[in-house]
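A.B. asks: Got a structure here, written out as C-alpha cells. Questions coming.
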Amino acid sequence: MQKKLLAVILLAGICSCSRNAITGRKQLTLVSEQQMEQLSLTQYKQFLSENKVVPASKDNAEMVQRVGSRIANAIIQYYKQKGTANEIADYKWEFNLVESKEINAWCMPGGKVVVYTGLLPVTQNENALAIVLGHEITHAVAGHGRERMSQELLAQGIQVAGNVALGNDTKTVNIFNNVYGPTAQLGVLLPNSRNQELEADHYGLIFAAMAGYDPREAIPFWMRMMNLAKSGQQTPTFLSDHPSDASRIEKLQQLMPEALTYYKPDSTK
Ligand SMILES: [Zn+2]
C-alpha cells in the first residue's frame, strides 16, 4: 500500500525528477548526485585496494590517462557551452589501468574511471579506447546509475532522506550494489537498458570526436566485439552488458554524421 502511494505521489509530478544536462531527458532522481558520488567513492577505493593498478608511468597506463583526460575535457567544454558547468563541478576525475584478464572498463559517478588490461587487445588502438571511454563516461555524466538506483528505490518503496550520506544504510548500499555490481564485479550497470545504451553510444561518439578521436573507429571496434561474442571463447563482462550485434552497428552508423560534425583531427596525437 505504502509503495503504491509513493508511486502515485511520484507520478503525480510532485516527485523528484530532473532533466539531465546532457541528454535533456527527464529522469527520476530520488538520490542526489552527491549521495551517488559518496557511495561510489567507497566502492572505488575498495576496488583499487584489492586490485593491481598499473603504475602511471607505464605506456598503456599513460594512454588511459591521456584518452580519459581528453574526453573529460571535451565533456567539461560541452557543459560550458550549454551553461551547465556547475553540474559536474565537483567531479574529481581519475583514470586507472588495472591488471586483469577481463575485457571491461567503467566510470562511476564523480568521474572515477577504470580500464582493465584485458580490454586493450580488443581496442587495439587509442581511437577505439576513446570510443569505449566516451561510452562509459557518458553513462556516469548522463546519470544512468542514479536513475536506475532511483527506480529501484521506488520499486522497493524506500524513501531517502535529504542529502544525508548513505554509506551506512544497508538497504540503500544493497541497491547500489545491485545497480553497479559488488566490488568484485564493479562497474557493470545492471540490468541493461536499451535507452541508456543508446544515449551512451550517441554522446560517447560526440565526446570522443570533440576530444580529437575519430568516431568512425566505433564500427570496427564493435565488429571485433561481435566476433568475440560469436567465437564463444569468452564472455567479457563488458560484452555481456553491451550486446554487440548488427542493430547496434547500424545505429552507430546512423549516429555517425552528427558525431563527425564535432570531429577535428588532432595533429599533436
Ligand atoms: Zn553501456
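A.B. asks: Taking all pairs of distinct Cα atoms, average 1/r, flip it, and tell me the Kirkwood hydrodynamic radius of segment 30-117 in Å to one decimal place.
C.D. replies: It works out to 13.9 Å.
A.B. asks: If you average the sequence gap of Cα pairs under 8 Å that are 6 or more apart and divide by the length of segment 53-177, what percent do you get for the contact order?
C.D. replies: After rounding, I find 20 percent.
A.B. asks: Over segment 1-152, what lengths in whole Å, largest first, do the semi-axes of the equivalent ellipsoid take, defined as the square roots of 5 times the eigenvalues of the alpha-carbon gyration tensor?
C.D. replies: They are 32, 18, 13 Å, listed from largest to smallest.
A.B. asks: Only residues of segment 247-263 count here: report those whose backbone N is under 20 Å from the spot 7 Å along Cα→Cβ of M223, or say none.
C.D. replies: Counting only backbone N, you get 247-260.
A.B. asks: Give K52/K112; K26/K171; K112/K251 a once-over and call out the pairs whose C-alpha atoms are over 20 Å from each other.
C.D. replies: Listed pairs above 20 Å: K26/K171; K112/K251.
A.B. asks: Taking neighbour counts of Cβ atoms within 10 Å as a proxy for exposure, in what order, fewest first, do T42, T138 appear?
C.D. replies: If I rank by nearby Cβ atoms, fewest first, I get T42, T138.
A.B. asks: Follow-up question, since we're still on this one. When only C-alpha pairs under 8 Å and at least 6 residues apart count, what is the relative contact order of segment 31-118, in percent?
C.D. replies: 31
A.B. asks: Still on this structure, I have one more. Under a Cβ-only charge scheme (Lys and Arg +1, Asp and Glu -1), can you give me the dipole magnitude of the chain about the Cα centre, in debye to the nearest 20?
C.D. replies: So the magnitude is around 380 debye.
A.B. asks: Follow-up. Could you estimate the translational diffusion coefficient of segment 123-185 from the Stokes-Einstein equation, with Rh from the Kirkwood formula over C-alpha pairs, at 10 °C and 1.306 mPa s, in whole µm²/s?
C.D. replies: 117
A.B. asks: While we're here: Give me log10 I(q)/I(0) at q = 0.07, 0.15, 0.16 Å⁻¹ for the chain, Debye formula, one equal scatterer per alpha-carbon, no solvent.
C.D. replies: With one equal scatterer per Cα and no solvent, log10 I(q)/I(0) is -0.24, -1.12, -1.27.
A.B. asks: Show which aspartates and glutamates lie in cross-link reach of K45 when reach means a straight Cα distance below 15 angstrom and same-chain residues fewer than eight apart are skipped.
C.D. replies: K45 reaches E37, E94.
A.B. asks: Counting DSSP beta bridges in the chain, what percent are antiparallel, to the nearest 5?
C.D. replies: The antiparallel fraction comes to roughly 60 percent.
A.B. asks: Ok, one more. Out of every Cα-Cα pair in segment 71-187, what percent are more than 26 Å apart?
C.D. replies: 29
A.B. asks: Considering the chain as a Gaussian network with a 10 Å cut-off on Cα pairs, which listed residue, A56, A161, A211, attains the greatest mean-square fluctuation?
C.D. replies: So, out of A56, A161, A211, the one fluctuating most is A161.
A.B. asks: Mind checking the alpha-carbon convex hull of segment 88-152 and giving the volume per residue in Å³?
C.D. replies: 91
A.B. asks: Sticking with this one: What's the exposure ranking of F176, F221, F207, going from fewest to most Cβ atoms within 10 Å?
C.D. replies: Going from least to most buried by this count: F221, F176, F207.
Values in this text are rule-based calculations from the coordinates and carry no lab data. None of the values given here were measured: they were computed from a predicted structure. Cβ atoms come from the backbone with ideal geometry, glycine included; neighbour counts cover every protein chain shown.
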